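S.K.: Following this message is one structure expressed as structure tokens.
The values are calculated or read from the model by the stated rules, or taken from the named source; none is laboratory data. Quick caveat: nothing in here was measured; it's all calculated off a predicted structure. All Cβ positions, glycine included, derive from the backbone under ideal geometry; neighbour counts span all protein chains shown. All accessible areas refer to the heavy atoms of the entire protein, side chains included, with ligands and DNA or RNA removed. Shrake-Rupley method; radii C 1.70, N 1.55, O 1.52, S 1.80 Å.
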Amino acid sequence: MILIVDDDRGVRASLNLLFKKNGYEVALAADAAEAMAVVRSGEPLQLVMLDMNFSRATTGEEGLTMLKQIKLFMPQVPVILMTAWGSIPLAVEGIQAGAFDFITKPWDNQLLLQRVKTAIDLREDAAVSQATQEDFDRSLIIGKSEGLMRVLDTIKRIARTDASVLIMGENGTGKELIAETIHRNSRRAKKPFVKVNLGGISQSLFESEMFGHKKGAFTGAVADRQGRFALADKGTIFLDEIGDLDLSCQVKLLRVLQEHTFEVLGESRPTRVDMRVVCATNADLPAMVREKTFREDLFYRINLITVTLPPLRERREDIPLLVKHFAGKIAKDIGAEQKITQRAMEFLSRLPYPGNIRELKNLVERTMLVGNTSGMLDREDFEAQYQPQAPKTDLSTGGYTLDEIERHTIEQALEKYDGNLTRVATELGITRQSLYRRMEKYGLMK
């Protein structure tokens with residue numbers, strides 16, 4: 001049953017008709033007292049549609065108070081807030097207080113039904129059956145460490161919903177593979193999986209690249225071009241490096257995610273798109289929100305579910321599995337199998353890997369391609385090909401410890417960027433929080 005809470009009789013009647021036509025049972029409430037009577041009755045609710053205001057007041061405090069009360073009685077029931085564009089900051093505050101999502105008035109019926117279905121499905125899919133667990137395709141993901149298994153457990157539970165997912169983690173941790181794994185295990189698996197690196201799209205080309213254009217829409221538009229959103233229709237769009245998107249483009253992206261419509265350049269008729277959105281970043285988005293460089297409403301629109309990938313140095317037990325996987329693939333390519341000694345594996349398992357899995361993959365492939373041809377790769381073969389990423393001095397020899405290498409790397413980056421921690425973290429491929437922890441560890445905090 002869906003509970004609709006709104007003081008506007010027309011809104012209640014409209015939603016009541018829409019939901020009943022689509023097979024849902026409905027309960028109606030005109031104010032907080034009526035709504036809490038339904039909540040306290042013990043009636044099993046699947047979802048609550050909650051207006052932000054029940055009187056002439058426009059502060060949204062009534063809705064926020066009501067939300068907190070519902071969450072006390074029914075913490076597992078998703079709540080979708082109803083608001084106007086002018087009060088989106090209030091809706092964001094509601095998301096922070098535990099709301100599942102928000103819609104703007106007037107709403108689009110099909111988009112609203114999609115979000116309602118996502119909210120209900122996500123709750124019902126929380127207890128995934130053993131059969132579903134066994135059917136889960138994780139072939140792209142190598143490893144069995146505790147941190148990785150927590151990530152896989154999360155995406156098992158949410159893959160078959162349409163919930164938006166934000167994948168966070170350092171460069172090279174495999175965010176794109178997690179996004180594709182979500183798509184492969186979703187109801188959209190047979191539809192397109194469209195990858196977009198937002199860091200590689202300039203502000204001037206954003207609309208053309210994402211929305212497409214008609215021939216003659218601007219100088220140089222010699223033919224129609226289909227945008228990435230249109231290509232992802234019925235499938236999944238993966239927006240990588242979303243933290244690199246400038247504020248003007250963030251506004252345009254938010255509109256598409258909110259309304260699931262966009263306008264092709266040179267065409268006035270809006271185009272509707274049915275897609276699931278998965279985003280990824282190595283940036284500290286909460287910090288960017290506080291610094292006003294990333295829109296708060298966009299942040300809460302994309303991170304209904306947040307997955308944080310651990311860096312390789314925090315899942316060292318996976319390194320031997322990854323090494324064997326990469327070695328097996330390159331052996332097929334070169335037609336010559338080479339075994340890796342235990343000494344070599346121990347050496348590989350101790351490296352700092354600021355470049356994470358990507359760095360390990362490159363090291364294994366480089367060593368197998370240019371190392372010795374005896375069929376046996378030892379520690380010395382990998383040492384000869386190991387290229388520490390940041391230190392300019394050769395700290396890989398002379399008996400330096402890994403901690404000394406890491407400290408020196410951070411010191412050089414701090415000097416290079418004059419103490420700008422955001423740029424230092426980006427250079428090192430780690431989050432600002434990770435950088436803070438390492439600076440405290442090595443006594444570099446001022």
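S.K.: Counting only protein chains, not ligands or nucleic acids, how are Asp318, Asp162 ordered by accessible area (probe 1.4 Å), most first?
M.R.: So the residues, ranked largest to smallest area, are Asp162, Asp318.
S.K.: Can you tell me the 0 to 90 degree angle between the C-alpha axis of helix 109-124 and the longest principal axis of the chain, rounded to 10?
M.R.: Approximately 60 degrees, to the nearest 10.
S.K.: Counting only protein heavy atoms and using a 1.4 Å probe, what share of the accessible area of the range 170-309 belongs to carbon plus sulfur, as a whole percent?
M.R.: 49
S.K.: So if we plug the beta-carbon distance of Lys339 and Glu404 into 1/(1 + (r/R0)^6) with R0 = 45 Å, what FRET efficiency do we get, rounded to 0.05?
M.R.: Calculated value: 0.90.
S.K.: How tilted is helix 432-441 with respect to the longest principal axis of the chain? Cα atoms for both, answer in degrees (0 to 90, nearest 10).
M.R.: 50
S.K.: I've got another one for you. Angle check, please: helix 319-334 long axis (alpha carbons) against the longest principal axis of the chain (alpha carbons), in degrees 0 to 90, nearest 10.
M.R.: 70
S.K.: Please give me the summed charge of the neighbours of Lys339: other residues whose Cβ is under 14 Å from its Cβ, Lys and Arg +1, Asp and Glu -1.
M.R.: In short, 0.
S.K.: List the residues whose amide H sits under 5 Å from the amide H of Lys105, counting only those 5 or more places along or on another chain, with H placed 1.01 Å from N in the peptide plane.
M.R.: Under 5 Å from the amide H of Lys105: Thr83, Ala84, Trp85.
S.K.: Accessible area per residue of the chain at 1.4 Å probe, in Å²?
M.R.: Numbers: 21570 Å² over 446 residues.
Per residue, the chain has an accessible area of 48 Å².
S.K.: I'd like to know which of Ser248, Ala327, Asn171 lies farthest towards the positive end of the charge dipole of the chain, counting +1 on Cβ of Lys and Arg and -1 on Cβ of Asp and Glu.
M.R.: Toward the positive end, the furthest listed residue is Ala327.
S.K.: Tell me, in nm to one decimal, what length is gained between Ser204 and Lys21 on full extension, where the rule is 0.36 nm per residue of separation less the Cα-Cα distance?
M.R.: 61.5 nm
S.K.: Sum up the charges of everything whose Cβ sits under 14 Å from the Cβ of Asp378, counting Lys and Arg as +1 and Asp and Glu as -1, but leave Asp378 out.
M.R.: -1
S.K.: Suppose each label sits 7 Å from its Cα in the direction of the beta carbon; what would the Ala223-Arg9 distance come out to in nanometres?
M.R.: Result for the modelled spin labels: 5.9 nm.
S.K.: Another one. Just flag the chymotrypsin sites (Phe, Trp or Tyr not before Pro) in the range 194-302 sitting in loop per DSSP whose Cβ has no more than 14 other Cβ atoms within 10 Å.
M.R.: Filter output for the range 194-302: Phe218.
S.K.: Right, next: In the Gaussian network model of the chain, springs joining C-alpha atoms below 10 Å, which of Pro192, Pro75, Pro311 carries the largest mean-square fluctuation?
M.R.: Pro75
S.K.: Once amide H atoms are placed 1.01 Å from N in the peptide plane, what residues at a sequence separation of 5 or more from Leu47, or on another chain, have their amide H within under 5 Å of its amide H?
M.R.: Leu3
S.K.: Given H placed 1.01 Å from N in the peptide plane, which residues other than close sequence neighbours of Leu377 have an amide H under 5 Å from its amide H?
M.R.: Lys339, Ile340, Thr341
S.K.: Also: Which one of Val151, Ile103, Ile237 is farthest out on the positive end of the charge dipole of the chain, using unit charges on Cβ (Lys, Arg +1; Asp, Glu -1) and the Cα centre as origin?
M.R.: The listed residue farthest towards the positive side: Ile237.
S.K.: Most fluctuating residue of Glu93, Glu380, Glu170 in a GNM of the chain with Cα springs under 10 Å: which is it?
M.R.: Comparing Glu93, Glu380, Glu170 in the GNM, the peak value goes to Glu380.
S.K.: Could you give each residue of the range 183-193 its phi-based ³J(HN,Hα) in whole Hz, using Karplus coefficients 6.51, -1.76, 1.60 with θ = phi - 60°, and x for Gly or Pro?
M.R.: 5, 4, 9, 9, 5, 9, 4, 8, 9, x, 10
S.K.: Net charge within 10 Å of Gly98 by Cβ-Cβ distance, Lys/Arg positive one each and Asp/Glu negative one each, not counting Gly98 itself?
M.R.: Neighbourhood net charge equals +2.
S.K.: Then there is this: What does the charge dipole of the chain about its Cα centre add up to, to the nearest 20 debye, if the Cβ of each Lys and Arg holds +1 and the Cβ of each Asp and Glu holds -1?
M.R.: 720
S.K.: May I ask you to derive the relative contact order of the chain, considering only C-alpha pairs under 8 Å and at least 6 residues apart, and to give it as an integer percent?
M.R.: 12
S.K.: Along Cα→Cβ, 7 Å out, is where each label goes; now give me the distance between the ones at Val370 and Thr261 in nm to one decimal.
M.R.: Modelled inter-label distance: 5.7 nm.
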